[in-house]
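Read-outs throughout are calculated quantities, based only on the coordinates presented, and are distinct from any laboratory measurement. Computed from a predicted structure; not experimentally measured. Please note: Cβ atoms are built from the backbone with ideal geometry, for glycine as well, and neighbour counts cover all protein chains shown.
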Amino acid sequence: MEEKVKNITTDEQQEYVINMGPQHPSTHGVLRLVVSLKGEIVKNVQPHIGYIHRGIEKMCESITYPQIIHLTDRMDYLSAHINNEAVCLSVEKALEVDIPDRVKVIRTIMSELTRIQSHQLWWASFGMDLGGLTCFFYGLRDREKILDIFEETCGSRMIVSYNCPGGLMYDIHPNFQKRVKDFIKYFRKILPEYDQLLTGNVIFHERSKGIGKLSLKDAISYGITGPSGRASGFSCDVRKHEPYSAYDRIIFKEILFTEGDTYHRYVARIEEMWESMNIIEQLIDNIPDGPFAVKMKPIIKLPEGEYYQRVETARGELGVYIISDGNKNPYRVKFRSPNFVNLSVLNQIASGFKIADLVAIGGSLDLVIPDIDR
Amino acid sequence: MRSIINYLKEIVFGVWSLMKGMKVTGSYFFRPGTIVTQKYPNNRKDLVMFDRFKGEVVMPHNEKNEHKCTGCGICEINCPNGSIEIISKSIVTEDGKKKRAIDKHIYRLGMCTFCALCVKTCPSNAIAFAQGFEHAVFNRALLIKTLNKPGSQLMKGVE
Amino acid sequence: MLFDIVSANSAPLPSEPWWRVFYDFSSLTQSINTSLNDAMSPFWTTVTEMLIIGVLFLLFYAVVGLFLVYAERKVCAFMQNRLGPNRVGPFGIFQTIADLVKLLFVELIPIKNADSFLFNLAPFIVIIAGFMALAAIPFAMGLHAIDLNIGVLYVIAVSAMGVIGVLLAGWSSNNKYSLIGAMRSGAQIVSYELSVGLSIITIVILAGSMQLSEIVEAQRAGWFIFRGHIPAFIAFIIFLISSTAETNRGPFDLAEAESELTAGYHTEYSGIKFAFFFLAEYMNMFIVASIAATVFLGGWMPFHVGNWVGFNIIMDFIPPFFWYIGKTFFVIFLMMWFKWTFPRLRIDQLLTLEWKFLLPINLVNVLIMAFIVLMGWHF
Amino acid sequence: MDKIQLGEFIKSIDPDLEIKDGKQFTEVLVPSSKLHSLATQLKEKEEAQFDYLFCLSGVDYGHDLGVVYHLRSTIFNHVVVLKTRTSERENPQLDSVSDLWKTADFHEREVYDLLGIKFTNHPDLRRLFLDNSWGFPLRKDYVDDINIVTK
C-alpha cells in the first residue's frame, strides 16, 4: 500500500491529492479513491480496492456447491438472493435438473423484491451523498417493509440464503402473498413522494443533469451493465436477453435511456422500481402449486466441464463461471461481479468534474464494495 | 424579452419544485403517527420475532431431557465454516449392542453464518433455529456452546 | 452607561397603552443603573454593567445553543419519521447536555503540523463574532445591551466576522479537506453578504432608520412583511436564503459538506473546541433568525390586525419577549425545514444562485421599494 | 451467427486454431502469441463485432496458467470463448487486450494480482487487491497456513 501512494505523489507532485476513503462518508464502505485535484476540479481518480478482499473465489474451491451459497450472499449483500440464484441456476443447468414452476416463480418474485430493496437503499444513500439527509431515512423506512417480508419467509433480513441448488430452502410463508401485495399497494403510493422530494427538485436537476456522461461506446467497452449501462443506451438486461427463471413468461420493459448522465442513471433506477412492481404483480397471484425443491443427491458433483451463468442483479450482470473437474468441490469459480466492472469507469467519467460531482457520480454508479473486493 | 420570461419561469418552476419537496417533509413533521422508530429495549417484552427467524442453532429437548441427535455428524460436514463440531462416544445399548452416540454437540455461534444448511440436512430434525438474537457477550468463549444438555439422552425411536 | 443609552431611547411615552408600560424592561434596567451609580463611580458602573451583561449573554448563549441543538434534532427526526433523542430525560431533553458534558471530557487531540496558535484561536473568533452580534439585538421592549443608531449595519458587519474563524480553522488544521472547506466558506460568505445587506436595506428604506429599536417601533401599525407589499416579502425570502448560506447551513453547508469533505473546516477539531464551532453554528442561526424576526416580522411587536380591537388586546396580553422568541423560532424552523429537505448545492451553483439570481432580483427589489416609499404606497 | 457459423468464421480467420463446440458457447483455444491479433479481428470484423468482453478469468490448470475471455457482440448477440494458456509459471506473460476492451484493464490487474500472469502492454499493471508481500493466491500451489484453514 505504501508504495502505491509514493508512486502517485512523485509522478504528479504538482497536484493537490486527497485521499477519499477508506473511511469516508461518501464511499459507502472501504473504497479508497486517490483523487488528484486542481482547485475543485477532479483531474484523476485512482480507485484502490481490496480492503475487504476475502478471497471468496479461493474459498469456493474448497467447499461444496450448496455451501457456496453462503459466500455469494456476502458478495453483493444488497442483491444476495440474485447472487445465490446465479450459482443455483448454473448447478441446475450442469446437472440438467428440471426445476418446478413454483420455484421459478418464487425465485423471480424474490429477485424483484431484492431489486426493489436494493434500489431503495441506493436511493437513500444517493440522496445522502447529495446532501439531502432526509432521503436516507425515507428509503430505509420503506426498505424495512421488504426486509420484514424476507425475514418472515427466509428467516433473515439481508443475507437471506434462501436459494439452494434444486430449489428453495423452505416454502414461502403463508403470509407471503398478502404481505407482498400490501407492500406493493403501499409503495405505489410512496414512490411519487420520492419524486417530489428529489427527482423533481431543481437543485437535484442542477446537480445531476449532464454530470458524468458515459457514451454508449464507452459503456460497452467498459462493460458497464445494469441501470448504469442502460442509462447510456446499452441494452444489457439479462432478464430480456437470456431469460432465466420465470422472466420468459412475463411482460416487462427494459428501461433504456441514451443520455448516460447521472440524472438518467438515477431515473433508470426509479423506473426500474416501478417495473419490478409490475413484474411482481403479474406473478404474485399465480404462484403455481408444486414442490418447493427438487430432491438432490446429498453430495452434489458437477460433471466435468465449464458452466457460465449470467443473471441480472440490481447493479448489473453477474456472471458465475464454474470449472468443474467432477469433484464435489469446484475446480475454479470466477464471479464476474458488476460492481467491479462498474468501478473501472469512474476515472473516465468523473475527471473534469468537480469534487462534489465525483460524489454524485460515485453514488449514481451504486457501488457495493464487498462485491468489488470479493 | 423571451430570455427574461424564461429567466422568470426558471425561478418560478424552481421555487415550485422546492415547495413540493418541502410539502413532503412538512407533512411528515405534522403527522407524528407515521413515526416508525421502535423503542427497542423498552418493547423487549412484546417484541416477537418471526417464527422462522434464524437467531441461533439450538437442540430442542423434551421434558425428560431427551433429544433427537444421533451424532451422525452430517451437520458438521455440511457446515461451510466449521462452526459445528461433534464429539461422539460409543455407548452400549440395553440389548448389548455397541452404538455411536453424541457426547457433545459443540456450536460456535461466533463463527456461524446462519446459512441453515445444518438444520436443513439433519436427518432426524434434531437441531432447529431459535429466535433469540441478543447474543452480545463480554467473553468470546461464551459464544462456544454445547447444544446437548448435560445428562441428556437420545429420544427413544430415533435412529 | 450602557443602560443609559437603552433607557433614553425607549422611554415610554405618556400616551402609551397599559401593556407598553407594564412589559417595558427599561424601568428595571434603569433602576439597576441608578442603584449602581449610587454605589460606585461611573467608570466602575460601566464595568459592572458590562460584566453583568457578559455573564447573562454567556448563559443565554449556552442555553439557546443547547436548546437549538435539541430542537434541530427533534425537528429533523420528526421530518424523517423518527423519534429523535428520547433516552436522556423525558423526551430526551437532557440529551444535548449529556453530549456537552461528553464533549467537555473528550481529549483535545493535538495536531502535529498544525499552526497551533491560529488553530486554537479560530473557535474563539467564531464565538466572539456571535457574542458581538448578540449585543445589538432587541429581545423585548427595552431589553437590549446596546442600542446603536446603526444597529442593522453593526449586526451584519459583526456576524460576518465569523468567516475569519472558519478560514483560520481550515487553514491552520493542515488538512486538505479542511482547506477546501475553508475556501468554499470564504467564497460563499463574501458573496452572500451582499444579498443579506441589500435585502435588509430594502426594509431600511421602508423604515427610514437603521436603529433596530426604531425599526421595531415603526412596525407598531403592522409588520413590514405585510406593509411593504410584495417587495418586502421577496426581500424576506432572499434574506432567508442568503442568511442560511451565510450561516453555512441547510442546502448551503458546503464548508462542511459531510459527504464530500467529511466535516470540512472543523475536521481536525475535537472536544470543547469542536463544541465551540458546533454551538456557534446554532448561535449564528439564532442571530440571523432574530434579525429576520426584528426587521421583517416586527421583533417583539405583537400581531395586530387593523381595527379588530378585541383581537389586538388579546395579542397585547402576550409579553413582547415571547413574541420575539416565537418569531425567531418560526424563522429557525423554516431554516431547519430547508436543511432537512433539500440536497446540497455545488459551489459553482451556489455562486451562480447569488450572482445571477439573488443579486439582480434584490437590486430591482430595492428600486421598487424605494419607488413605493417615495409614492407613499405602503400601508 | 450460430455456433457452427461462428466456428467456420473463426476457421476462416486462422485455420490453425483449435475450435471446441462447448455445451454453451463456441470455445477457441488460442496460442498466446496469436491471441491479440485474433482478438483484434474478432472485434473489428464487420460480421463478428465482438464489442463486449463480459468476463475475463484467469485459471490455474495445474501445469499451465490460462486466461479465458468471454466475448459477446451486442449487435448480433453471439458469444465466443477464447482460451489461452502459458506453460511458464515463473514469469508468465500474455498480451493485454485492454487496448481493445477497456474493461480488460481492471480484469487483467485482478488476474495479475491473484494468479501472477503479467500482461504486456497493459497501461497500469499494479496489484489490485493485495499488497506485494502476498503470493498469488488463486494458484493451486499457493500455501498459506495461517489464513487458509481447510478441514
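A few points about this structure:
- Mean partner shielding of peptide D:51-61, defined as the number of other chain Cβ atoms within 10 Å of each residue Cβ, is 6.
- Within region C:66-222, the ratio Rg/Rh, alpha carbon atoms throughout and Rh by Kirkwood, equals 1.05.
- Simple point charges give the picture: +1 on the Cβ of Lys and Arg, -1 on the Cβ of Asp and Glu, and for the protein assembly as shown a dipole about the Cα centre of about 2200 debye.
- ³J(HN,Hα), Karplus 6.51/-1.76/1.60, whole Hz, each residue of region C:235-250, x for Gly, Pro: 4, 4, 4, 5, 4, 4, 4, 6, 6, 4, 5, 5, 8, 6, 10, x
- Helix B:2-29 and the longest principal axis of the Cα set of chain B meet at an angle near 40°.
- Selected from B:Ile102, B:Ala128, D:Ser57, residue furthest toward positive end of dipole (the protein assembly as shown; charges at beta carbon): B:Ile102
- Database remark: amide H of C:Leu143 closer than 5 angstrom to the amide H of C:Phe25 (H placed geometrically; neighbours at sequence offset of 5 or more, or on other chains; Pro and chain starts carry no H).
- Seen from a random direction on average, the alpha-carbon convex hull of region D:51-151 projects onto 7.5 square nanometres.
- Low-density loop cleavage sites - chymotrypsin sites (Phe, Trp or Tyr not before Pro) in region B:70-159, where at most 13 other Cβ are within 10 Å (DSSP): B:Phe133, B:Phe138
- Acute angle (nearest 10 degrees) that the helix C:95-105 long axis makes with the longest principal axis of chain C, alpha-carbon atoms: 50
- Checked against a 19 Å cut-off, the cross-linked pairs B:Lys68/B:Lys104; D:Lys34/D:Lys83; B:Lys54/B:Lys145; A:Lys328/D:Lys140; A:Lys328/B:Lys54 give Cα-Cα distances beyond that limit for A:Lys328/B:Lys54.
- Kirkwood's formula applied to the C-alpha pairs of chain B gives a hydrodynamic radius of 20.5 angstrom.
- Computed magnitude of the charge dipole of chain B (debye, nearest 20; Cβ of K, R +1, Cβ of D, E -1): 440
- Taking a ≥ b ≥ c as the square roots of the eigenvalues of the Cα gyration tensor, region A:285-373 is classed as oblate, since a/c reaches at least 1.5 and a/b does not exceed b/c.
- For D:Ser32, residues with placed amide H under 5 Å, excluding near neighbours: D:Arg85
- Using a cutoff of 8 angstrom between alpha carbon atoms and counting only pairs six or more residues apart, the relative contact order for chain A works out to 26 percent.
- Membrane-span-like helices of chain A, defined as complete DSSP H segments with a Cα extent of 15 Å or more along the helix axis and a mean Kyte hydropathy of at least 0.5, are identified as A:355-365.
- Dipole-positive endmost among C:Ile368, C:Phe278, C:Ala292 within region C:106-375 (Cβ charges, Cα centre): C:Ile368
- Protection proxy ranking, highest mean first, for peptides A:284-290, A:83-89, C:321-327: A:83-89, C:321-327, A:284-290, where packing is the per-residue count of other beta-carbon atoms within 10 Å, averaged.
- Sorted peptide list for D:84-90, A:341-347, criterion being average Cβ within 10 angstrom, highest first: A:341-347, D:84-90
- Cα centroid separation, region D:60-82 to region C:156-228 (Å): 64
- For region C:284-379, the relative contact order works out to 26 percent when only alpha carbon pairs closer than 8 Å and six or more residues apart are counted.
- Each residue of region C:114-129 is assigned a 3J(HN,Hα), and the resulting list reads 7, 7, 5, 5, 5, 4, 7, 6, 3, x, 5, 4, 4, 5, 4, 4 Hz, derived from the Karplus form 6.51 cos²θ - 1.76 cosθ + 1.60 (θ = phi - 60°), x at Gly and Pro.
- Surrounding net charge for C:Ala255, when Lys and Arg each add one and Asp and Glu each subtract one, Cβ distance under 12 Å: -3
- Alpha-carbon centroid distance for the pair region C:72-142 / region A:95-155, whole angstrom: 38
- Within 10 Å of each Cβ in A:207-220, the average number of Cβ atoms from other chains: 2
- Per-residue average of Cβ from other chains inside 10 Å of C:326-337: 1
- Chain A: C-alpha gyration tensor shape, a/c 1.5 cut-off, then a/b vs b/c: oblate
- Equivalent-ellipsoid semi-axes of region A:86-136, from the Cα gyration tensor, Å, largest first: 36, 12, 4
- Placing unit charges on the Cβ atoms of the charged side chains and taking the dipole of region B:38-85 about its Cα centre, the candidate lying farthest along the positive direction among B:Phe50, B:Cys69, B:Tyr40 is B:Tyr40.
- The residues A:Met273, B:Met19, C:Met141, when put in order of fewest to most other Cβ atoms within 10 Å, stand as B:Met19, A:Met273, C:Met141.
- Our analysis of the protein assembly as shown gives Rg over Rh at 1.05, with the two radii drawn from alpha carbon positions and Rh computed by the Kirkwood formula.
- Against chain D, whose longest principal axis is taken from its Cα atoms, helix D:104-115 shows a tilt of about 40°.
- Peptide packing for C:82-95, C:65-78 was compared via the average number of neighbouring C-beta atoms within 10 Å per residue; ordered from the highest value, the list is C:65-78, C:82-95.
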